[in-house]
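Take a look at the structure set out below.
The values are calculated or read from the model by the stated rules, or taken from the named source; none is laboratory data. None of these values were measured; they are calculated from a predicted model. Surface areas here come from the heavy atoms of the whole protein model, side chains and all, with no ligands, DNA or RNA. Shrake-Rupley method; radii C 1.70, N 1.55, O 1.52, S 1.80 Å.
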Amino acid sequence: MNSVTRRLVGMLTARAPRLFPAIAALAVAGCAFTGGSDITNPVQRNLTWFNYLNAGDIRAKCVEGGPDYYRFVLNSGYGVHVRAYDLIGRPDGGEAVIRAFGDDVPGGTLSASDPMGPWRGVVVRQPVPPETVDRLREALVADGATGRPPIGKELASDTVFWIADLCLDGRFHYNAWPAGVGDDPRLSFPDVLREIDRTGVAWPDPRRMEMYPYNLNVDDDDPDNRFNVSVTGDGIAANALAIR
């Protein structure tokens, strides 16, 4: 476990001591996200989040002749409202897994069989017709998603931004766009994602982040830790994490 992971584990255990056994077990097992990882589990999500953003699992499967993969993350305050889209391209269209979680997202039910239920958020799996996948790909090209990413850009967890990780025709691409109040990325692909989104969770209002950028709630006297991720020449760098 590297120094970044140790700091993250320390942050999590300090804030949630009752979860320490589970966190410790996950830390020992490793913190890489795999296709079978469960980011709806808040403990596992926190430990694998940066690897998920860097899409190590997609990179490993991105080969010529293989299927296309699409991953999008809308961060509207980590811990407040995050939406994650994973789509696998197929000859008959695609299959999407859509997740929404955070304080602004309705959770599940607390039970003995699922003690993490209230923090899981919403998960929807659904087919995507081929014409929608085609429009998504066209929108990504128009948005410059396959072009040069903003290397050196710092993305703060208490701001609004998009990240895209893509495997198209056997080539991996990644990009990132600030999307808060005052930012104008003029992106087209979010409109396509809205069409396929069946979570029933309202789209986040970026103005909320401007109102309470630090603790996100005027009545919250125990704000979440904030962090940065960096866009590098190799991807979204976990080792650029800066706990604030």
Query raised in the report: At q = 0.17, 0.18, 0.22 Å⁻¹, what is the log10 ratio I(q)/I(0) for the range 104-200, with the Debye formula run over Cα points and no solvent?
Result: -0.96, -1.02, -1.21
Query raised in the report: Where the convex hull is taken over the Cα atoms of the range 48-158, what is its projected area averaged over directions, in nm²?
Result: 8.8
Query raised in the report: Hey, what do the phi angles of the range 90-98 turn into as Karplus ³J(HN,Hα) couplings, whole Hz, using 6.51/-1.76/1.60 and θ = phi - 60°, x for Gly and Pro?
Result: 9, x, 9, x, x, 10, 10, 10, 10
Report task. Report, by chain and number, residues whose modeled amide H sits under 5 Å from the one on Gly77, excluding near sequence neighbours (fewer than 5 apart, same chain). Result -> Thr159, Phe161
Query raised in the report: Considering only protein heavy atoms, what per residue accessible area in square angstrom results for the range 134-190 with a 1.4 angstrom probe?
Result: 46
